[in-house]
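K.L.:
Quick one: this structure, given as structure tokens, is what I'll be asking you about.
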Amino acid sequence: MGAFLLRRFASLAFVLWAMTVLVFAIVHILPGSVAHMILGEYATDAAIAALEERLGLNDPLYVQYWRWFSGILAGDFGTSLTMDRPAGPLIFEALGRSAVLASIAIVLVAAIGIALGIHSATHVGTASDRALTLGQYFFIAVPEFFWCILVILFFAVWLGWLPATGYTPLAEGGLLGWAKHLILPVSTLVLGLIAHVSRLTRSSMLEAIESRYVLAARAKGLPERTVLRRHALPNALLPAITVIAVDIGILIGGIVVVESVFAYPGLGRMLVYAIENQDLPLLMGGMIVVTAVYALANLAADILYAVLNPRIRVGGAV
Amino acid sequence: MSATVATPAHRLPRTLVTGLLVVGAIALLAALGPWIAPYDPDAFDMRARLQPPSAAHWFGTDEFGRDVLSRVLSGAHHSILMGVGATAISLAIGVPLGLIAAFRRGWTEEVVMRCIDLMISLPPVLLGLLILAVTEPGLWKTILAVGLVYVPIMTRISRAVALDLLSEDFVEAARARGEGAYHILVREILPNAWPPLIVETALRITFAILLGSALSFLGLGPQPPASEWGLMIAESRPFIAEAPWIGLAPGLSLCLLLIAVNTVGEGLRDLLDPRLRGRGHG
């Protein structure tokens, strides 16, 4: 386990470093002057020269890269161009709010997705299984941003139950005010993912139920509940964990969309804001932070998988 | 699944046929869009702003009095181009990379696969955002970005398939005949690798349309006054209470297209590679 962890951490460090190079390269090497991009096409030459001086854009690229990279290592993400505040605190504050959305969503997706999948697999061919299968089919293909529009239309505009957009800090609005702003974003986030996870759980559970070890357990005369719970379920959960790990990537993408629509002040909305306003320090820092979070989440999933499935540690193929 | 259903002579899955019919119908409407649209999709008519669906305007009008049906029709080709174009790009780059990595092994494979690892260290939407962040947005840039996002998965799949095939006897035979790398990859491996690649391609089109329209919903695709469906939905947001049809019409059209394309993909999977059932997404 020690060697496994060491290898994983080394590759994580490498990916993060390579990502800083990639992000920096995309932002700086693409055609067009950075100062032009920030100031717009009608900027005067003097204004551009002044900004280039201020941002150190006249230095060679490797000097600029090193300044930015060593800053990040020291926890300094530079200064936001549009808000004139250090980008680091802005990014981490937004990350915290996104993390609330993401963690509630993951818990819901895992719990509801796996439960529905098991229900389908143990009730194959019944009306509820068919309804779930049809639902999964539908929910996987409908884009998140359209769900956002639909739930706003139904729950905010027509029924008036929930606020359409915005965010109230826990300290100001109390638990209820805070939660009210989370319900619609979270439910939009989880719909497609629950469909996906429940579908995968159904098929892996079915595979387990049809396996020989389940047959053997039944032949021993164990009660059906014990067979399902002790023999089929643990084996069916492994693929489900892999799927949830893959879904973290989709979830992060969904958060960008959902935060933008619901005007929820998280990291996803901040990235879109940074792009719209060409706030490069905010954009670059935000991308690195997302990469780090995503890599850590994948690492956590891998560790969980390795703990549950000892074979993987020996082979080391993942 | 559909094996027990009485199927036509060619034993095509029923889902595949249904999906193909719907996709074909949408593609036909998209191609004929400019001719069958009842109004000019970009023509303002300030006297007819925000009108609900009626006999004159089946899907209503938007905030500039533009006919929503005409805009939905004229925008259909964007989504189809995004799906097909981006998938074609990811195939054109990913398949050769995967085949070469599998054939060469050693450091070539190492370099290719590490680059792929790096590309998937950002979730798809974020990688798309990053690629589009610093360029002027537009339809073709969105297509290119989405295509690049899906290069890694195509590379991985074609490498895995090629690795399997490289140990087959017919490849051994070709090697023994002294055939070169090009011949082995293009004449021996590729023709045998197509079933899993076709399945992946078909499923990938759904996600390419999803990602492309999400990016343009975020403002990183075709720019106004384009009638791309994701963009139309984004533009409809301020009027959601008074004129929900502006967003519902392109949204429901997009859902119909996505479900139909996905059905084709799953039908192909059932037909060509039943083992892969239940995979996909992302």
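K.L.:
Kindly report, to the nearest 10 Å², the accessible surface of B:PHE103 as traced by a 1.4 Å probe over protein heavy atoms only.
P.N.:
Ignoring ligands and nucleic acids, B:PHE103 comes out at about 50 Å².
K.L.:
Carbon and sulfur atoms: what percent of the 1.4 Å accessible area of segment B:132-273 do they account for?
P.N.:
62
K.L.:
Moving on. Could you give the nm distance between label points at B:ASP169 and A:LEU108, where each point is 7 Å from its Cα heading toward the beta carbon?
P.N.:
5.6
K.L.:
Further, regarding this structure: Using a Förster distance of 25 angstrom, determine the FRET efficiency expected from the C-beta separation of A:VAL63 and A:MET83, and round it to 0.05.
P.N.:
For A:VAL63 and A:MET83, the calculated efficiency is 0.45.
K.L.:
To continue, here is another question. Per residue, how much accessible area does segment B:1-143 have with a 1.4 Å probe, in Å²?
P.N.:
51
K.L.:
Something else about it: Can you send over the carbon and sulfur percentage of the accessible area for segment A:92-309, probe radius 1.4 Å, protein chains only?
P.N.:
Here it works out to 69 percent.
K.L.:
Using the Kirkwood radius over C-alpha pairs as Rh, can you work out the diffusion coefficient of the protein assembly as shown via Stokes-Einstein at 20 °C, viscosity 1.002 mPa s, in µm² per second?
P.N.:
82
K.L.:
Something else now. Which FRET efficiency, nearest 0.05, do B:ALA92 and B:TRP35 yield, Cβ-Cβ r, R0 30 Å?
P.N.:
Plugging the Cβ-Cβ distance into 1/(1 + (r/R0)^6) gives 0.40.
K.L.:
Just need log10 I(q)/I(0) for chain A at q = 0.08, 0.10 Å⁻¹, Debye formula, equal scatterers on the alpha-carbon atoms, no solvent, rounded to two decimals.
P.N.:
Summing over Cα pairs of chain A leads to -0.50, -0.74.
K.L.:
Accessible area per residue for chain A in Å², computed with a 1.4 Å probe and the full protein assembly in place, what is it?
P.N.:
Per-residue accessible area for chain A comes out at 48 Å².
K.L.:
Count, for each residue of B:233-244, the Cβ atoms from other chains sitting within 10 Å of its Cβ, then give me the mean as a whole number.
P.N.:
Mean number of neighbouring Cβ atoms from other chains: 3.
K.L.:
Could you sort the residues of segment B:105-152 by number and keep only those whose accessible area is reduced by 30 Å² or more in the all-protein-chain setting relative to the chain alone, 1.4 Å probe?
P.N.:
Listed by number, the residues meeting the 30 Å² cut-off are B:LEU118, B:SER121, B:LEU122, B:PRO123, B:VAL125, B:LEU126, B:LEU129, B:LEU130, B:ALA133, B:VAL134.
K.L.:
Still on this structure, please answer the following. So what does B:LEU21 come to for accessible area, using a 1.4 Å probe and Å² rounded to 10?
P.N.:
Result for B:LEU21: roughly 120 Å² accessible.
K.L.:
How big is the shadow of the Cα convex hull of segment A:2-73, averaged over all directions, in nm²?
P.N.:
Average of the hull's projected areas for segment A:2-73 equals 5.7 nm².
K.L.:
Using only the alpha carbons of segment A:197-302, what is the convex hull's orientation-averaged projected area in square nanometres?
P.N.:
So the mean shadow area of the Cα hull is 8.4 nm².
K.L.:
Right, something else. In Å² (nearest 100), what accessible area is buried between A and B, both sides summed, heavy protein atoms only, 1.4 Å probe?
P.N.:
In total, this chain pair buries about 4000 Å².
K.L.:
How far is helix B:124-133 tilted, in degrees, relative to the longest principal axis of the Cα atoms in chain B, given as a value from 0 to 90 rounded to the nearest 10?
P.N.:
70
K.L.:
Given chain B, report the % of alpha carbon pairs whose separation exceeds 27 Å.
P.N.:
49
K.L.:
Within 10 Å, count the other beta carbons around each residue, average over each peptide in B:215-226, B:235-246, and list them highest first.
P.N.:
Peptide ranking by packing, descending: B:215-226, B:235-246.
K.L.:
Using θ = phi - 60° and the Karplus curve 6.51 cos²θ - 1.76 cosθ + 1.60, what whole-Hz ³J(HN,Hα) does each residue of segment B:210-226 get, with Gly and Pro shown as x?
P.N.:
Values, residue by residue: 4, 5, x, 6, 5, 5, 6, 4, 7, x, 10, x, x, 9, x, x, 3 Hz.
K.L.:
Find how much the distance from A:ILE303 to A:ALA263 grows on full extension, using 0.36 nm per residue of separation minus their present alpha carbon separation; answer in nm with one decimal.
P.N.:
Once the chain is fully extended between A:ILE303 and A:ALA263, it gains 10.9 nm.
K.L.:
A follow-up question, please. Compare the peptides B:146-153, A:129-136, B:79-86 by average per-residue count of other Cβ atoms within 10 angstrom and give them in order, highest first.
P.N.:
Most protected by this proxy first, the peptides run B:146-153, B:79-86, A:129-136.
K.L.:
I've got another one for you. Given the Cα atoms of segment A:69-193, and with Rh set as the inverse mean 1/r over their pairs in the Kirkwood sense, what is Rg to Rh to two decimals?
P.N.:
1.11
The values are calculated or read from the model by the stated rules, or taken from the named source; none is laboratory data. Since we're looking at a predicted model, the values are computed, not measured. Quick reminder, even Gly has a Cβ in these numbers, built from the backbone with ideal geometry, and neighbours come from all protein chains shown. We work out accessible area using only protein heavy atoms, side chains counted, and drop any ligands, DNA or RNA first. Shrake-Rupley method; radii C 1.70, N 1.55, O 1.52, S 1.80 Å.
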